[in-house]
Amino acid sequence: MPGAPDTERVRLPPVIDLLWGRRERGKRGPRPGLSADAIVAAAVRIADAEGLDAVSMARVAHDLGFTTMSLYRHVTSKDELLQLMWNASTLGAENLVLEGDGWRPRLRMWAIIQRDVLDRHPWITQMPMASPPAGPNSLHFVERGLETLDGTGLADADKIRVIGLLASYSLSEARMAHEAARASAQAQAAEGSAAAPASFEELLRELVDEKTYPRLHRLAWESGSASEVSERDEYLWGVDTILDGVQALIDRAGPGGSA
């Protein structure tokens, strides 16, 4: 690796070799018209329309008009396919331009873009995440996030912690929103009604009494309850609160950059 210390080379998982274009191809080529990119694009279309559970090697092969076995010439397993789909969700990240005067508006924009990706592809919230994504597109996106913190005085280790915190928050909020929307749709389909499900405050009004739960009771009955705030605004409130903490971290770091 250019610029890296002269150490023993790490043995990478096969999917990483595929993501980075390092996998050697066999001598017998696959049928024309089939490629890893085509397989991934079909899988993403299925997941966007029907959810991650609908994605299988057989379903993707059927949609592309190939046999299931022909897919395995390019993608060795469904787990590998999921990693490729995850990387494809951030296609174009290397060209991402984050605008704003200073680190805060640019990092805020970075977080919002990530949330928008999660809302376009809610199946990402259902992905197994035993380790951070290591595809080139994903790492480009992380690089753009780190770039927003240039000149803040934060140590590199703190910068990646900030990026990880924002990413985890965005993922968690998107997952909750997606699960709530899916549960609402299922409930309405079962009941044959278009009525919206009860809000948290409405549930509290039915369940809590003022003596036992005074704070929750006040929350349920006070004017301007949280249910009147959109999910998007709630998400942005959380982002801004995290960024307030980042500013405090920067202030503690001072000119020397030691937090």
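Just one of (1) modelled with pLDDT of 90 or more; (2) in contact with a helix residue (DSSP H, G or I) (Cβ under 7 Å, 6 or more places away or on another chain) fails for residue 94. It is (1).
Each row is one residue, and each column tells you yes or no for (1) assigned to a helix (DSSP H, G or I); (2) in the same structural domain as residue 44 (by TED's automatic domain parsing); (3) buried (at least 17 other Cβ atoms within 10 Å of the Cβ); (4) of a type in the set (Phe, Trp, Tyr).
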{"site": "84", "(1), (2), (3), (4)": "yes, yes, yes, no"}
{"site": "151", "(1), (2), (3), (4)": "no, no, no, no"}
{"site": "154", "(1), (2), (3), (4)": "no, no, yes, no"}
{"site": "159", "(1), (2), (3), (4)": "yes, no, yes, no"}
{"site": "166", "(1), (2), (3), (4)": "yes, no, yes, no"}
{"site": "179", "(1), (2), (3), (4)": "yes, no, no, no"}
{"site": "188", "(1), (2), (3), (4)": "yes, no, no, no"}
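Going by what's in this entry, would residue 59 be described as outside the structural domain of residue 185 (by TED's automatic domain parsing) and at pLDDT below 90? So residue 59 fails the test.
Restricting attention to the range 166-184, does a residue exist that is of a type in the set (Asp, Glu), at negative phi and modelled with pLDDT under 95? So far as the range 166-184 goes, yes, one or more of its residues are of a type in the set (Asp, Glu), at negative phi and modelled with pLDDT under 95.
The residues of the range 105-134 that are outside any helix (DSSP H, G or I) and in contact with a Phe, Trp or Tyr (Cβ under 7 Å, 6 or more places away or on another chain), listed by number, are 127, 133.
The values are calculated or read from the model by the stated rules, or taken from the named source; none is laboratory data. Model, not experiment: these values are computed from the prediction. Glycine gets a Cβ as well: all are built from the backbone with ideal geometry, and neighbour counts include every protein chain shown.
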